[in-house]
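Each remark here refers to the structure printed beneath this line.
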Amino acid sequence: MTFNFDTPAFDSGTNLLPLFRTALQSAQQALKERFLGGAPAEELVRGRARVVDDLLIRVWHKLVTPSGGDEDIALVAVGGYGRGELHPGSDIDLLILLRNGDHARYQDRLEQFLVFLWDIGLEVGHSVRSLQECVDEASRDITIATNLMESRPLAGSPSLFEAMRAATGPQRIWPSRRFFEAKWQEQIARHHKYHDTAYNLEPNVKEGPGGLRDIQMIGWVAKRHFGATTLHDLVGHGFLTESEYQELIAGQNFLWRVRFALHTLAGRREDRLLFDHQKTVAQQFGFQDEEHKLAVEQLMKEYYRTIMELSRLNEMLLQLFQEAILYADSETVIVPINNRFQARNNFIEARYDGVFRRYPFALLEVFLILQQHPELKGVRAATIRLIRDHRHLIDEKFRNDLRNRTLFMEIMRQPRGVTHELRRMNRYGVLAAYVSIFGNIVGQMQYDLFHVYTVDEHTLMVVRNLRRFSVPEFAQEFPHCSELAQRIPKPEILWLGGFFHDIAKGRGGDHSELGAQDAMTFCLHHGMSPYDARFVAWLVKHHLIMSSTAQRKDISDPQVIAEFAAKVGDQAHLDYLYLLTVADIRGTNPALWNGWKDALLMDLYTATKRALRRGLEHIIDHAERVDEIKQQALAILKQHAPDETVIEKLWRDLGDDYFLRHSADEIAWHTQTLIHCSPADLPLVLVRQQTPRGGTEIFIYARDEDHLFATTTRTLDQLGLTIVDARIITANSGFTLDTYIVLEASGEAITNAYRIQEILVSLKQYLVHPGESQPPISRRAPRQLKYFPTPTEIHFSNDERNHRTAMELITSDRPGLLSRVGQAFMECGARLQNAKIATLGARAEDVFFITDKNNRPLCTEEQFDCLRKTIARHLERQQ
């Protein structure tokens, strides 16, 4: 697309500003309309570059060289604009090149030129350099060298431009070997910035792994080393086949289309596929919601699969570039491995092109060899291509072949490289071909804030976490997990449990049940004993019960532990389930794991282990558990030589529930302070920075008043703290003992002494003066939350054993949620006894154990209705 500036109005030389501004706006609107009408993004990207070319050249001649040609200056497009590619919000990078560095001579004209461009709405990035300055800057900074390498002349002296290209070419600076090494390291660092995965909820289309920058990197190296002018030149050089080139261009065009849409929607440069835009882009691209799959999930699946294909091509080309550039002058060392494979300079390769056609099982064998030969750096590009070209051989006959079933199980049983090779198999398309149901989850996103990776990436991340437990150098990360991992007799049961735990996601129905059936079938088909196959299926079916029990039930209740122990059955199942649970939580979202969850799961594991040792028929009763806890607390207190009669008097006032819901360590800490506490000290507020429970513990001892929970939670929320646990105990004497475990927004315990003092002062202030107006909660909800609204649900059930009512609240997470709930409790006459706080991305799933003012369970519909309506009213006010 071009825009016609050759009209009398443009030639008149008067009042040009509105003319150019209108012309630019009209051109941009035309491009937008063509995009929404379905025009290919590649046409529009290059079309916008041509529009800007026409405009810049016209303005340059009007304002900088009105008298005609000037051989001492040139206007040059650099960077992406130099490639002739401009998205709606792309940078327009310009180099104003001077022959002799005479900046003063052109200063006024250039200022007028640049101000004019800004005034008409063009945001340009520019540099003014002499020929020598270009050489000096490019020598120091490879980014500048890369921009100059992609330059093209717009106006001014052609000879000056050619002199600059020659002076900054590979014969003068940044020879191709050094250039490639630097760009390769640059890509590695960039990928690390995105945790080496493109499978993020809000991926960066340009900078993320497999994104447009990776394609540009290929082009830069090809241009620097081979003098290539287009990516298609790589076909002529033998680095790509024609079909691979078409895949590369199709991937680039898809990403261009996404990026063009993002810039158009945002009205500026925006390279992140944010939740703000995902649904709109999906709609623009023609996706529609289906029964088990949202339109946005279909869009993102296509995006992730495109990225995977581009990552494979990038890997293959980088490996070819290494051979052609880094190892061109090195001696070729070939080491035979077997009749089918050999190592060439420590890269595995097929010994001849027909290997996979003659020996289809070699499509799996190659990955086993890589595990068994740690000296191998990877797969030669030609062999990657052969693997891809022969994936069609992995059919039902292949899957039923005993050799192939044996090879796959050998891969899963290897002491090293399991995750690395499963990921490689996934990139090459072999994993989805062999385990066909795995293909359903490749690129499958879950549209929420809880799962930050696609299902296939999450699955391999879980397997990676499980494998990491058994690697000695990582033993300090999770000492208990590492200790268990060394003891389990058959690690492959664990790896397969991790591999299959989410394999049925997106099919509809219970993915745990469906996945268990898939796992059972697969394991029996692969020669595992019925017992081992049932074990894997059990892990898949029950992979969520440990986290849900720990986070949603009162694990201080011996009956809850007994019920969980009965589901687990024995120590072996407990060990495997615990390891899978930790790996699963860590692989769902890196931000989810913290010391609190670690301690919570460890408490459940320890209590269940103790219950299994006693025997499922010997459930510990409340009185026995209370006595046990008291003895442990006394043992701690004896170190400080206390008066046991004073302690006994205090403890009689607290009641059994207090001892069931606190650890011996906490009880000893509270007791040491309370036996010396006087009325003048009330309300008493204590803080422990780091506790065995994995967070910072806040303890409040005060006269029982209805406002306490609401006031406390509002104050903590105002301080930006996350409450992960709340235990409220009312003593016989009318005092309340409230314990909160809190974390900073980062998920870490509080370590700053000033921060501790701030908490103490704030709590004291508002607990002593509850009527004092508190400032509004200033903490804002994260931007993403508004795209995942959760309808509020409130459910009640009777906790008969503990004489209380359980209220489950499911709603959108937001700042101040707990204080709003506390306000509703106060207005409806409900007293909080305990709370289990669980936040799953944008969704809060909290369980409150409550009674009426007389410490009895709620029992009337009027009480339930009051809480439903009051909570809903307070939450609506918070929207």
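Report the far tail of the P(r) of region 241-364, meaning the percent of Cα-Cα pairs longer than 24 Å.
More than 24 Å apart: 52 percent of the Cα pairs in region 241-364.
Could you give the length gained by full extension between Gln112 and Val235, i.e. 0.36 nm per residue of separation minus their alpha carbon distance, to one decimal place?
Extra length from Gln112 to Val235 when fully extended: 39.7 nm.
Considering the convex hull of the alpha carbon atoms of region 126-185, report its projected area averaged over all viewing directions, in nm², one decimal.
4.2 nm²
Convex hull over the alpha-carbon atoms of region 472-605: what's its volume per residue in Å³?
For region 472-605, the hull spanned by Cα atoms encloses 122 Å³ per residue.
Taking R0 as 45 Å, what's the FRET efficiency between Asn400 and Asp196 from their Cβ-Cβ distance, rounded to 0.05?
0.80
Please compute the alpha carbon radius of gyration of region 432-479, then divide it by the globular-protein estimate 2.2 N^0.38 Å. Two decimals is fine.
1.44
Would you calculate a helix-derived [θ] at 222 nm for the chain, using -39,500 (n - 2.57) for each DSSP H run of n ≥ 4 and dividing by the full residue count, to the nearest 500?
Estimated from H runs of four or more residues: -17000 deg cm²/dmol.
Grab the beta carbon distance between Ala572 and His420, set R0 = 35 Å, and tell me the FRET efficiency rounded to 0.05.
Step by step, r from the Cβ atoms, then E = 0.80.
Express in % the proportion of alpha carbon pairs of region 579-635 at distances exceeding 19 Å.
Every Cα pair in region 579-635 considered, those over 19 Å come to 48 percent.
Straight distance only, please: which lysines reach the Cα of Lys223 with their own Cα at less than 21 Å, same-chain residues fewer than 8 apart left out?
Lys183, Lys206
Of the beta bridges DSSP finds with both residues in the chain, what % are antiparallel, to the nearest 5?
90 percent
Place a point 7 Å from the Cα of Phe796 along the Cα-to-Cβ direction; which residues of region 824-844 have their backbone N under 19 Å from it?
Answer for this model: 824-836.
If we sort 696-708, 409-421 on the protection proxy, mean other Cβ atoms within 10 Å, highest first, what's the order?
696-708, 409-421
Ranked highest first by the average count of other Cβ atoms within 10 Å around their residues, in what order do 167-178, 281-292 fall?
167-178, 281-292
Relative to the longest principal Cα axis of the chain, at what angle does helix 176-193 sit, 0 to 90 degrees, rounded to 10?
Approximately 30 degrees, to the nearest ten.
Summing Lys, Arg as +1 and Asp, Glu as -1, what charge do residues with Cβ under 14 Å from the Cβ of Arg804 carry, Arg804 excluded?
So the environment of Arg804 carries a net charge of 0.
How would you rank 391-399, 190-198, highest first, on the average number of other Cβ atoms within 10 Å across their residues?
Highest mean packing first, the order is 190-198, 391-399.
Principal axes first, then extents: for the Cα atoms of region 402-533, list largest minus smallest coordinate on each axis, whole Å, largest first.
41, 38, 29
Work out how far the C-alpha atoms of region 689-740 reach from end to end along every principal axis, then list the three figures in whole Å, largest first.
31, 25, 13
Tell me the angle of helix 817-828 to the major Cα principal axis of the chain, expressed in degrees between 0 and 90 and rounded to the nearest ten.
That works out to roughly 40 degrees.
Which of the three applies to region 86-223, rounded, prolate or oblate, going by the alpha-carbon gyration tensor with a ≥ b ≥ c and a/c under 1.5 meaning rounded?
Taking the square roots of the gyration eigenvalues as a ≥ b ≥ c, region 86-223 is oblate.
Charges at C-beta only: +1 for Lys and Arg, -1 for Asp and Glu. How large is the resulting dipole of region 390-488 about its Cα centre, in Debye rounded to 20?
With only Lys, Arg, Asp and Glu charged at Cβ, the dipole is about 340 debye.
Taking the Cα centre of region 547-617 as the origin, how large is its charge dipole in debye, to the nearest 20, when only Lys and Arg (+1) and Asp and Glu (-1) carry charge on their Cβ atoms?
60 debye
For the chain, calculate the relative contact order in percent as a whole number, restricting contacts to Cα pairs under 8 Å that are 6 or more residues apart.
Value for the chain: 7 percent.
For Lys630, go through the lysines and keep the ones whose alpha-carbon is under 21 Å away, minus same-chain ones fewer than eight residues off.
Qualifying lysines at Cα under 21 Å: Lys609, Lys638, Lys649.
Using Cα centres only, tell me the gap between region 530-605 and region 691-732 in whole Å.
Going from one Cα centre to the other spans 27 Å.
Provide the descending list of Cα extents for region 305-407 along its principal axes, expressed in whole angstroms.
45, 35, 24
Can you work out the accessible area per residue across region 579-664, with the rest of the protein chains kept in place, probe 1.4 Å, in square angstrom?
I get 47 Å² per residue for this part.
Hey, of (1) 32.1, 107; (2) 33.2, 104; (3) 30.6, 100, which did the structure itself give for Rg and Dmax of the Cα atoms in Å when calculated?
(2)
Over 18 Å, how big is the tail of the calculated P(r) for region 159-244, in percent of all Cα pairs?
55 percent
Running Debye on region 355-423 with equal point scatterers at the Cα sites and no solvent, what base-10 log of I(q)/I(0) appears at q = 0.12, 0.21 Å⁻¹?
Scattering profile of region 355-423, log10 relative to I(0): -0.31, -0.94.
When you take every Cα atom in region 524-678, what is the radius of gyration, and what is Dmax, the widest Cα pair distance, in Å?
Reported Rg and Dmax, both Å: 19.3, 71.
For a paramagnetic label modelled at 7 Å from the Cα of Ile756 toward its Cβ, which residues of region 690-719 fall within the zone defined by backbone nitrogen distances under 18 Å?
690-701
Angle check, please: helix 418-428 long axis (alpha carbons) against the longest principal axis of the chain (alpha carbons), in degrees 0 to 90, nearest 10.
40 degrees
Which number do you get for Rg(Cα) / (2.2 N^0.38 Å) in region 676-819?
Normalised Cα radius of gyration, region 676-819: 1.13.
On the protein heavy atoms, probe 1.4 angstrom, tell me the percent of accessible surface of region 537-689 carried by carbon and sulfur.
Carbon-and-sulfur percentage of accessible area, whole number: 52.
Compute from the Cα atoms of region 794-861 the Rg and the Dmax, the latter being the longest Cα-Cα distance, and quote both in angstrom.
12.0, 36
Checking the a/c ratio against 1.5 first, then a/b against b/c, what shape does the Cα gyration tensor give for region 51-135?
Oblate.
Against the globular-protein guess of 2.2 N^0.38 Å, express the Cα radius of gyration of region 1-147 as a ratio, rounded to two decimals.
1.10
The values are calculated or read from the model by the stated rules, or taken from the named source; none is laboratory data. Keep in mind it's a predicted model, so treat the numbers as computed, not measured. Here the Cβ is made from the backbone with ideal geometry for all residues, glycine too, and neighbour counts use every protein chain on show. Just the protein is used for accessible areas: all its heavy atoms, side chains included, with ligands, DNA and RNA removed. Shrake-Rupley method; radii C 1.70, N 1.55, O 1.52, S 1.80 Å.
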